[in-house]
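The values are calculated or read from the model by the stated rules, or taken from the named source; none is laboratory data. Predicted model only: the values in this text are computed from it and were never measured. Every residue, glycine among them, receives a Cβ derived from its backbone with ideal geometry; neighbour counts consider all protein chains shown. The accessibility values were calculated without ligands, DNA or RNA, using every heavy atom of the protein model including side chains. Shrake-Rupley method; radii C 1.70, N 1.55, O 1.52, S 1.80 Å.
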Amino acid sequence: MKKTVPFYCIAFSLAIFSCKSEKKETEKQITATEQITQPKAEKPTDKKEIQDIDLSEYSKLAPIELKESKSKNVFKKYGIEFSGNCYACDLAVFKVNKKNFDIVNLCDENDFQRFKNFNYERSGNSFKIITPETTFIFTKVENEPIYQLTFEGEKPDLKNKRISEFYTPETLIEKFEEHGCGDFEG
């Protein structure tokens, strides 16, 4: 009988160890399956951090108009809009930074419409500012930064802020041929 006891001990030990290793393998398979099927947690990103766009070129866009369509010189072809600067003083300037998008009256910095809920993106020659109602699309139309403005969605209805067809960075305004207001002091 002494010989049967070690046999039972060996058989019992094998049974216990084989069950544990089977259990471990099953756990390993479940863990591996969970890793495959569980989506990786993605780090939430700020919509504006994704787009590494230098806003300095678009920070303050001033209105201009087409003056001499056949001119090869961009600074003679476009110019400061006469009627909006001299008579009505109702032109809109666009200002954008990472926090705000403002549409400002050219003659009165205190008369503006501010958008805090907006996004922007750049694609090819276009820079888009997207608000809940309107997408403002500034498309570069010349070698110099001259942008033609178009809209998707509702065109904004703005009091004392008339939107021009063309815009350029305010830093370039001095390069355009000046068309004075004459004796009119508007």
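Could you please let me know if Lys77 is open to solvent by less than 60 Å² (accessible area, probe 1.4 Å) and under 15 Å from the mean Cα position of the chain (by Cα)? It is false that Lys77 is open to solvent by less than 60 Å² (accessible area, probe 1.4 Å) and under 15 Å from the mean Cα position of the chain (by Cα).
Checking each residue in segment 96-107 for being open to solvent by less than 70 Å² (accessible area, probe 1.4 Å) and either touching a residue at least 24 places away in the same chain (Cβ under 8 Å) or more than 16 Å from Ile163 (Cβ to Cβ) (or both) picks out Val96, Asn100, Phe101, Ile103, Val104, Asn105, Leu106.
Of all residues in segment 155-171, those that are touching a residue at least 12 places away in the same chain (Cβ under 8 Å) have Cβ atoms under 6 Å from Cβ atoms of residues that are in a helix (DSSP H, G or I) and of a type outside the set (Val, Ile, Thr), 6 or more apart or on another chain, in Pro169/Glu57. Within segment 120-149, the residues that satisfy the criterion of being aliphatic (A, V, I, L, M) and in a loop (DSSP other than H, G, I, E, B) are Val141, Ile146. If only residues of segment 143-162 that are out of contact with any Lys or Arg (no Cβ under 8 Å at 6 or more places or on another chain) and open to solvent by less than 40 Å² (accessible area, probe 1.4 Å) are counted, the one that is modelled with the lowest pLDDT is Pro156. Here the condition is being part of a loop (DSSP other than H, G, I, E, B), in contact with an Asp or Glu (Cβ under 7 Å, 6 or more places away or on another chain) and more than 14 Å from Leu61 (Cα to Cα); of Asn160, Asn117, it holds for Asn160 alone. All of Glu133, Glu185, Glu121 fail the test of being open to solvent by 70 Å² or more (accessible area, probe 1.4 Å) and modelled with pLDDT of 90 or more, apart from Glu133.
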